[in-house]
1. Can you name every residue in the range 63-73 that is part of a helix (DSSP H, G or I) and under 22 Å from L35 (Cα atoms)?
2. Of everything in the range 174-193, what is under 28 Å from P32 (Cα atoms) and among the polar types (S, T, N, Q)? Give them in sequence order.
3. Is it the case, given these coordinates, that K84 is within 21 Å of H157 (Cα to Cα) and touching a Leu at 6+ places or on another chain (Cβ under 9 Å)?
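Read-outs: derived from the displayed coordinates by stated rules, not from any lab. Treat the numbers as computed from the prediction; the structure is a model and nothing was measured. Every residue, glycine as well, gets a Cβ built from its backbone with ideal geometry; the counts of neighbours run over all protein chains shown.
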Amino acid sequence: MYKKISILFLFAFVCSCSKGKQTEINVANETPQVLQNNDSDISLRSFGKKYDFNIIDKLYNEAIEKDESLKKLENVFLYIGGVKKDSLKDFNDYLGNNARYWNDVDNYLKQIKDTILRKEVTKDFDKFEKEYKKSITSLQHKDSLLNMKSVLLDDYHTIMKLKITHNMMMKYNTNEFPKDKNHVFMDKKYDTLMVNIKEQIKKYN
């Protein structure tokens, strides 16, 4: 029952997303909240030796909260892994049971003391095993393709995350590019202090 509901949910969502003109993921032109100065998480202390601050994840999570279509897409991405596992449970159970069976067959065949009898029975079971492996070849091929698509989907998800957060970082770089007034201020302070120190040194010459 859960499997049917899961598949129907996924199908309904995909169909709803495919209707009408696809909308672009929009993130406001303002500086991302996690990069604003009043956010203590982005302080220099966060960039210590451990590098435990994942700025991309924080930016992406902010983008999700600001974009409803992206949030829905992310939810389906997280959900589809469970759908795949549930949908293919029968197949995986079937493979697992057969693997255990053929392993037990090998152990039982080794218990046959008579060499001639063991060879005859082993020959029969080798034939049965080949027939079994042949019968599941098509399903295993489809399963392999699904696994490849799963890996590819993860790659595209990573690329999407990188693209979205890059866009946010570009907005940050545009909006928050530092002014040079503090550098000019410090430069003058250094020059003044340097002059004062040199004058003090002259007193001792």
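1. Those that are part of a helix (DSSP H, G or I) and under 22 Å from L35 (Cα atoms): A63, I64, E65, K66, E68, L70, K71.
2. T174, N175, N182
3. Considered against the rule, which asks whether it is within 21 Å of H157 (Cα to Cα) and touching a Leu at 6+ places or on another chain (Cβ under 9 Å), K84 comes out as yes.
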